[in-house]
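**Q** The structure under discussion is supplied below as structure tokens; questions concerning it will follow.
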Amino acid sequence: MHAQAVVFQNPKHLELRGLDLRAPGAGEIEVDIEFSGISTGTERLLWDGTMPAFPGMGYPLVPGYESVGRVSRVGPDGGTCKVGTRVFVPGAQCFKGVHNLFGGSASRLVVQQERTVEVQDRLGARAVLLALAATAQHALANQAPPDLIIGHGVMGRLLARLTVAAGHPAPTVWELNTSRHAGAQGYAVINPADDVRRDYRAIYDVSGDSQIIDKAVARQAPGGEVVLAGFYKDSLSFAFAPAFMRETRIRIAAQWKREDL
């Protein structure tokens, strides 16, 4: 079995290669990929070679943990999944001779059926957002909802929309790039320079700015929380005294877990 896959041979060196693909085993399915997404966080860092050391990382590497396709084959004990079903695939480890840290950017994948999620046909390419939506949900789950979100990229939008959908008060969203101010649904997007508020209780950052803690603390209520929900390639640091005076709490939200998906 073979598949065409996007391969990072080395930093800033990308190829489309034919790779050997193993046949579906027990509990696995084969999926013909229709759509895939690109993470402007982790995968961009893998592309340009600035990704911090990470388990399983190396080159050559097949990226991609945001893929959607049709089930084309069901292995032994493949569960209730049927051929023709459209599923979301959160990456795969099915290729030989390359690193499969994410492994989803390919024409065909073999994956454990239990890792996939059936999606409605009407979602089309938008179904690739499921991984980022689950990551946003992981940041929110059972925690104080944000009253300030820093960054109005895809993650910032999903965080804001999930907050509103859950019935919480609409958060304020900061965004420096005015071209990203559009697209808000039920909340306001503003430039931080236009915001005079300094009593935010829960500040969620998805900007990836390694200097963000000081900026957030300056706008925080005493005892408030800063949630780092982006991905940061540089070391983070902050001024201790302002954080000390406010008794700031800092929480790191990792990527989604199965229950979030």
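**Q** Quick check: the distance between the Cα centres of the range 1-46 and the range 99-124, to the nearest angstrom?
**A** Cα centroid of the range 1-46 versus Cα centroid of the range 99-124: 10 Å apart.
**Q** Which whole number in µm²/s is D for the range 48-188 by Stokes-Einstein, with the Kirkwood Rh taken over Cα pairs at 20 °C and 1.002 mPa s? Write down the numbers at each step before the final one.
**A** Working: Rh = 17.4 Å.
Result for D is 123 µm²/s.
**Q** OK, next. Give me a comma-separated list of calculated 3J(HN,Hα) values for the range 49-66, in order, Karplus coefficients 6.51, -1.76, 1.60 applied at θ = phi - 60°, integers in Hz, x for any Gly or Pro.
**A** x, 9, 5, x, 3, 8, x, x, 7, x, 10, x, 9, 9, x, x, 10, 9
**Q** Among 174-182, 224-232, 35-43, what's the highest-first ranking by average C-beta atoms within 10 angstrom per residue?
**A** Numbers: 174-182: 13.6, 224-232: 22.1, 35-43: 18.9.
Those peptides, ordered most packed to least, come out 224-232, 35-43, 174-182.
**Q** Share of the range 36-158's accessible area from carbon and sulfur, percent, 1.4 Å?
**A** Working: 2800 of 5340 Å².
Roughly 52 percent, rounded to a whole number.
**Q** Let me ask something additional. Could you tell me whether the range 208-261 comes out rounded, prolate or oblate from its Cα gyration tensor? Rule is a ≥ b ≥ c as square roots of the eigenvalues, rounded for a/c under 1.5, then prolate if a/b exceeds b/c, otherwise oblate.
**A** Numbers: a/c = 3.01, a/b = 1.60, b/c = 1.88.
Taking the square roots of the gyration eigenvalues as a ≥ b ≥ c, the range 208-261 is oblate.
**Q** With a 1.4 Å probe and every protein chain kept in, tell me what percent of the accessible surface of the range 164-210 is carbon plus sulfur.
**A** Details: 1330 of 2650 Å².
Result for the range 164-210: 50 percent of the exposed heavy-atom area is carbon or sulfur.
**Q** From the C-alpha coordinates alone, can you work out the Kirkwood hydrodynamic radius of the range 1-56, in Å? Don't skip to the answer; put the middle values down first.
**A** On the way: mean 1/r = 0.0738 Å⁻¹.
Kirkwood hydrodynamic radius for the range 1-56: 13.6 Å.
**Q** Antiparallel versus total DSSP beta bridges in the chain: what percent is that, nearest 5?
**A** On the way: 29 of 48 bridges.
Taking every DSSP beta bridge with both residues in the chain, the antiparallel ones total about 60 percent.
**Q** What's the local net charge at residue 6, with K and R +1, D and E -1, over the other residues with C-beta under 11 Å away?
**A** Numbers: positive: 17; negative: 15, 43.
So the surrounding residues net to -1.
**Q** Roughly what would the spin-label model give for residue 96 and residue 196, points 7 Å off Cα along C-beta, in nm?
**A** Result: 6.8 nm between the two label points.
**Q** How much net charge surrounds residue 83 when only other residues with a Cβ under 14 Å from its Cβ are counted (Lys, Arg +1; Asp, Glu -1)?
**A** Numbers: positive: 70, 73, 82, 86, 108; negative: 28, 30, 32, 118.
Here the count lands on +1.
**Q** Assuming a ≥ b ≥ c are the square roots of the Cα gyration tensor eigenvalues, decide whether the range 119-261 counts as rounded (a/c under 1.5), prolate (otherwise, with a/b larger than b/c) or oblate.
**A** Prolate is the answer for the range 119-261, as a/c is 1.5 or above and a/b outweighs b/c.
**Q** Further question: Could you check the simple spin-label distance between residue 73 and residue 122, using points 7 Å along Cα→Cβ, in nm with one decimal?
**A** Distance between label points: 3.4 nm.
**Q** Right, here's the next one. Which lysines, on any chain, are close to residue 233 with Cα under 20 Å apart, when same-chain ones fewer than 8 places away are left out?
**A** Here the lysines satisfying the reach criterion relative to residue 233 are 12, 215.
**Q** How high is the relative contact order of the range 1-153, in percent, with contacts defined as C-alpha pairs under 8 Å that are six or more residues apart? Display every interim value, and only then the final one.
**A** Details: 329 pairs, mean separation 41.2, N = 153.
Answer for the range 1-153 is 27 percent.
**Q** In terms of modelled amide H atoms, which long-range or inter-chain residues lie less than 5 Å from the amide H of residue 227?
**A** When sequence neighbours closer than 5 places are left aside, the close amide H contacts are 203, 204, 205, 251.
**Q** Here is a further query. Just the accessible area per residue of the chain, please: how many Å² with a 1.4 Å probe? Could you put the intermediate results ahead of the total?
**A** Details: 12920 Å² over 261 residues.
Result: 50 Å² of accessible area for each residue.
**Q** If you don't mind, there's one more thing I want to ask. Let me check I've understood the local charge: for residue 45, count other residues with C-beta under 15 angstrom from its C-beta, Lys and Arg +1, Asp and Glu -1. What total comes out? Provide the component values of the computation, followed by the final result.
**A** Values: positive: 12, 44, 233; negative: 43, 48, 209, 234.
Around residue 45, the charge tally is -1.
**Q** Could you tell me what percent of the DSSP beta bridges with both partners in the range 35-144 are antiparallel, to the nearest 5?
**A** In the range 35-144, DSSP labels about 90 percent of beta bridges as antiparallel.
The values are calculated or read from the model by the stated rules, or taken from the named source; none is laboratory data. This one's a predicted model, so the numbers in the text were calculated from it and none came from an experiment. Here Cβ is always computed from backbone atoms with ideal geometry, including for glycine, and neighbour counts include all displayed protein chains. In case anyone asks, the SASA skips ligands and DNA or RNA and just uses the protein heavy atoms, side chains included. Shrake-Rupley method; radii C 1.70, N 1.55, O 1.52, S 1.80 Å.
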